[in-house]
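Data block below; observations after.
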Amino acid sequence: MSTTTQNDTLTPLETHLLTVLALYEHGPIPESIPVYTGPASPQATEILRAIDTIARRTQPDIDTASPTVLTNVLHATDIPPLSLSEAEQELRLMKAQVQDVARVCNAITKGDMRQRMTMPAHGIVMVMVKDVVNKMADRLDSFATSTLRVAVETNNGALGSIALIELEGVWHQLSESVNNLSTVLTNEVRSVAQVATAISRGDLSLQIDLDTRGEMASMHARVNEMVVLLRALAADTVRICTEYAADGRVGGQMQVQTAQGVWAEMLKEQNTVTAYYSVLVRELIRVTTDLAKGKTTEKINAGAASGNLLELITAVNQLVDRLAASPPAA
């Protein structure tokens, strides 16, 4: 058996166990066996103790006054030695169980959360290992499924989804981070939608009021600036229309200094129109006032007028010509 297969995905303890079991598989325990130097844990100690016990059963002549080279920390106990066939069978079983652990762990590293340990567990240590590994796989599967559900629902426009799973440690922190992200995005989108809906209904009183940072804060600022600009444009348009239509005062101009782009072009065109009508109305007042005073020398300059405006100017000028050609009353 190659002890280097899948080394990149195994823990130090798994790698050590596979190496030792491979040595047992081919005969008596050699004089030099690798010593485990990886991270210490209660589970690792129990597993190494079990192997140490098996080694002493298969070779009862090992010096019981000192630790074996397998663990470098464990001492022998007075356990009747196993026969060679029993020892080989026990080692093969342990090897299969360790390989089952490696199979599940390797599947998890590749994103496959469906795998579970299926080998029958023998001994308290392997029962514990099987239980812990399968619980880990269950938790990761639940976390991955719930996180994927939140991502898919958010991507499909179903906002407000959160991952509802009980986790601990870093998994709990990660789950909380995913839920916080989902909540922030939900609040952001709903706030923008609320303001956009209000604008479409002619309500320019709403603005986004969320405590955010970075690009989110920048987006809020841009949306709120847009609302302020639209509010100023609407207010100025209403003012000009009121002055012209209701008050009869001409000459007013829209004055929104922050307008840019198409808004600035719209303001320029609207001010041009109001300025032209102001000139036309004032010209009509001047000419008709002169006519009222008996003066028939003044006419309206048509300039670039066209359509109905040109017809109006032409009619007024023709009236002036006819009055000028008429003989004065006796």
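The values are calculated or read from the model by the stated rules, or taken from the named source; none is laboratory data. Just so we're clear, the structure is a prediction, and the values are computed from it rather than from any experiment. Positions of Cβ are backbone-derived with ideal geometry, glycine not excepted, and every protein chain shown enters the neighbour counts.
Summary table below
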quantity: Residue within region 177-195 that is closer than 30 Å to Met254 by Cα and assigned to a loop (DSSP other than H, G, I, E, B) present; calculated: no
quantity: Residue match in region 224-243 (condition: modelled with pLDDT under 85 and small (Gly, Ala, Ser)); calculated: no
quantity: Hits in region 268-325 (condition: touching a helix residue (DSSP H, G or I) at 6+ places or on another chain (Cβ under 9 Å), loosely packed, with under 14 Cβ neighbours inside 10 Å and assigned to a helix (DSSP H, G or I)); calculated: Leu323
quantity: Flag if Ala22 is exposed (fewer than 15 other Cβ atoms within 10 Å of the Cβ), out of contact with any helix residue (DSSP H, G or I) (no Cβ under 7 Å at 6 or more places or on another chain), at pLDDT below 75 and in a helix (DSSP H, G or I); calculated: yes
quantity: Scan of region 131-169 for residues that are aliphatic (A, V, I, L, M) and within 17 Å of the chain's Cα centre (by Cα), ordered by number; calculated: Ala144, Leu148, Val150, Ala151, Val152, Ala158, Leu159, Ile162, Ala163
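For (1) aromatic (Phe, Trp, Tyr); (2) in contact with a Gly (Cβ under 9 Å, 6 or more places away or on another chain); (3) without any contact (Cβ under 8 Å) to a residue 24 or more places away in the chain; (4) in the same structural domain as Val281 (by TED's automatic domain parsing), each residue gets a yes or a no:
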site	(1), (2), (3), (4)
Val150	no, no, no, no
Gln173	no, no, yes, no
Ser177	no, no, yes, no
Glu188	no, no, no, no
Arg201	no, no, yes, no
Gln207	no, no, yes, no
Arg222	no, no, yes, yes
Val238	no, no, yes, yes
